[in-house]
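The values are calculated or read from the model by the stated rules, or taken from the named source; none is laboratory data. Worth saying up front: this structure is predicted, and the values here are computed from it rather than measured. Note that each Cβ is placed from the backbone with ideal geometry, even for glycine, and that neighbours are counted across all protein chains shown. These accessible areas exclude ligands, DNA and RNA; they are computed on the full protein's heavy atoms, side chains included. Shrake-Rupley method; radii C 1.70, N 1.55, O 1.52, S 1.80 Å.
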Amino acid sequence: MRAKNKMLTLLILSAGATAAIAAINKFIQISATSKDLLTEPEALCYKWRLGNVHYTKTGSGKPLLLIHDISAVSSGYEWNRLIPLLADKYTVYTIDLLGCGRSEKINMTYTNYLYVQLISDFVKNVIGHRVDVVASGESASIPVMACASTPELFDQIMLVNPLSLLDFSLIPGKMARLYKFIVETPVVGTLLYHIATSKQSIAEELMDQGFYNPYSVKSEVINSFYEAANLGNAPKSIYVSAKCNYTKCNIVNALRKINHSLYLIGGGGIECMENRLEEYKTYNSSIETAVIPKAKKLLAMEAPEALYDMINTYFT
């Protein structure tokens, strides 16, 4: 009888703890998205076959597509300081990749191949013309792979702070699959996700890796990234997909194949960035590179004028 009572008590406590964690998860999501910092009056929606994709269109001139980095906190917000500079010369498109920012967030594994298909379809069905592309961080692999398979869709490509070729070639390991399984659990996994993407964690990463000058990381930027990480039905899917290397792809063969103009821009505040960019040239000697000093990962936010000058210099 005592054993049954202990078991019943344990079950009640477990159920209570689960309910409490679920309530905490819900509160975090509601509070993180309550400010509506990412809401735009002229937001557009591309109804792709796997989900609705948020995008914007600004300015006039030759089409230029901006693709943000791949992470749980990423969105087209990354380009907000650059768009006004480009709008006089280009029709600027920004896209929130599926699973990121304001786009639909489906509970699925996101892969490089999925994003290559998304960008190719977006160019064909929405832009409708050959397009110049600027891609940031891990998303640099997307236009490279897309251009290698459908070169007629693309003109010039600029990669801002691309990962090293070694990092792009990483694949999911056994521990990654275990971690993915844990994070995908409904209650505890969601709590782990909220810890990993807490406002404090985002602030620390922005000040350490995102910006060369940590004092330029304002509360609005932190809150906007925090909001992006909590929007949608399954925000943790892109987090775990990227964390476990499902979004990565070996791009060496694609680099060899591409005949398009390809430019690599790096933030001078990132360790060994010049060596990283030079490595790309060993597989495509026509690649041109440049480094913007006193800038780190979020170069488009920290040094938009400098990046604008690079785009004008190379794309014209």
- Neighbours by Cβ (under 8 Å, 6+ apart or cross-chain): first from region 41-67, within 12 Å of G101 (Cβ to Cβ); second among the basic types (K, R): A43/R102; V53/K47; H54/R102
- Looking at Y280, Y246, which one is crowded, with 19+ Cβ neighbours inside 10 Å, in a helix (DSSP H, G or I) and not aliphatic (A, V, I, L, M)? Y280
- For A229, indicate whether it is within 15 Å of I28 (Cβ to Cβ) and of a type in the set (A, V, I, L, M). yes
- Query: Quick one: what pairs do we get from region 228-255, first residue under 21 Å from Y280 (Cβ atoms) and touching a residue at least 12 places away in the same chain (Cβ under 8 Å), second of a type in the set (F, W, Y) and open to solvent by 10 Å² or more (accessible area, probe 1.4 Å), C-beta under 9 Å, 6+ apart or different chains?
  - Reply: C249/Y113; I251/Y283; V252/Y283; N253/Y283; L255/Y283
- What are the residues in region 106-129 that are touching a residue at least 40 places away in the same chain (Cβ under 8 Å), open to solvent by 10 Å² or more (accessible area, probe 1.4 Å) and not in a helix (DSSP H, G or I), if any? I106, N107, M108, T109, T111, H129
- Hey, E302 among the acidic types (D, E) and open to solvent by 70 Å² or more (accessible area, probe 1.4 Å) or not: no
- Note on the structure: Within region 145-166, residues within 16 Å of T111 (Cβ to Cβ), open to solvent by 30 Å² or more (accessible area, probe 1.4 Å) and part of a helix (DSSP H, G or I) come out as M145, S149
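Listed here are the residues, each with its yes/no results for (1) closer than 18 Å to Y110 by Cα; (2) in contact with a strand residue (DSSP E or B) (Cβ under 7 Å, 6 or more places away or on another chain); (3) among the aliphatic types (A, V, I, L, M).
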{"residue": "A203", "(1), (2), (3)": "no, no, yes"}
{"residue": "M207", "(1), (2), (3)": "no, no, yes"}
{"residue": "K218", "(1), (2), (3)": "no, no, no"}
{"residue": "I222", "(1), (2), (3)": "no, no, yes"}
{"residue": "N230", "(1), (2), (3)": "yes, no, no"}
{"residue": "Y246", "(1), (2), (3)": "yes, no, no"}
{"residue": "L255", "(1), (2), (3)": "no, no, yes"}
{"residue": "N259", "(1), (2), (3)": "no, no, no"}
